[in-house]
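Working notes, beginning with the structure itself.
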């Protein structure tokens, strides 16, 4: 029984780590914003339409404020 509990706990921990890794953004070029390429690295199913919806100033990059607003609005997961 103890082994079963430990196995389930380990599986849950691995699932949590994997889910967190999937939504980790990296500003690869260091410009302080996120490009479509950088966003799709974290959000594989992100479409061009959703990117454009998040990019409210239409500059082709997602700022921290735009990202926070999109997460708060439920457009993408945080």
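The values are calculated or read from the model by the stated rules, or taken from the named source; none is laboratory data. Computed from a prediction, not measured in an experiment: that's the story for all the values here. Cβ: placed from backbone, ideal geometry, glycine included. Neighbour counts: every protein chain shown.
Candidates are the residues of the range 20-40 that are modelled with pLDDT of 95 or more and not in a loop (DSSP other than H, G, I, E, B); the one that is surrounded by the fewest Cβ atoms within 10 Å (Cβ to Cβ) is 37.
Total residues in the range 44-68 satisfying the condition of being closer than 22 Å to residue 29 by Cβ, surrounded by 12 or more Cβ atoms within 10 Å (Cβ to Cβ) and touching a helix residue (DSSP H, G or I) at 6+ places or on another chain (Cβ under 8 Å): the figure is 8. Go through the range 69-78 and report how many residues are assigned to a loop (DSSP other than H, G, I, E, B) and surrounded by 11 or more Cβ atoms within 10 Å (Cβ to Cβ). Residues meeting the conditions: 3.
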